[in-house]
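Asks: Quick one: the structure is below, and I'll ask about it shortly.
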Amino acid sequence: MAASSAVRAAGRRSRRLFDIFVAEIPWTVSSKEVKEYFSQFGSVQRCQLPFDRDTGFHRRYCWIKFSAPEDVQNVLQKDSHILEGSKLTLKQQSRRRRSQRRSQSE
């Protein structure tokens, strides 16, 4: 049982490294289009594009989760990323769960 929890913990640590934060996404671009664009660099596990409840529009940023760290490196090696004429801003992201943030700040 301890071995399986160690494997799960290692998996959680490694998954944090595969995120890319993308900003400056044009209003006209959907999450499907963002996912299709980034699929050219590797296997996209998830594209999380949050929406504003009041306006119904997305907030012009998202997180892309890749299956492998090599996929993230492929994305970061390209100088610029452009969707519908707008240059995207990218940043490698290590997102932590709220419970992990709380325990670190205590």
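The values are calculated or read from the model by the stated rules, or taken from the named source; none is laboratory data. Since the model is a prediction, treat every value here as computed from it, not as a measurement. Counting neighbours? That spans all protein chains shown, and the Cβs are built from the backbone with ideal geometry, glycine included. For the accessible areas, the whole protein counts, side chains as well, though only heavy atoms, and no ligand, DNA or RNA atoms are used. Shrake-Rupley method; radii C 1.70, N 1.55, O 1.52, S 1.80 Å.
Asks: Any residue at all in the range 88-100 that's at pLDDT 90 or above and in contact with a Lys or Arg (Cβ under 6 Å, 6 or more places away or on another chain)?
Replies: no
Asks: With the requirement that a residue be assigned to a loop (DSSP other than H, G, I, E, B), in contact (Cβ under 8 Å) with a residue 24 or more places away in the chain and open to solvent by 40 Å² or more (accessible area, probe 1.4 Å), what does the range 50-95 give you?
Replies: F57, R60, S67, K78, E84, G85, S94, R95
Asks: Residue by residue through the range 14-31, note down the ones that are under 11 Å from the mean Cα position of the chain (by Cα) and either assigned to a strand (DSSP E or B) or modelled with pLDDT of 95 or more (or both).
Replies: Taking the range 14-31 and keeping what is under 11 Å from the mean Cα position of the chain (by Cα), we get 15-23.
Those that are under 11 Å from the mean Cα position of the chain (by Cα) and either assigned to a strand (DSSP E or B) or modelled with pLDDT of 95 or more (or both): D19, I20, F21, V22, A23.
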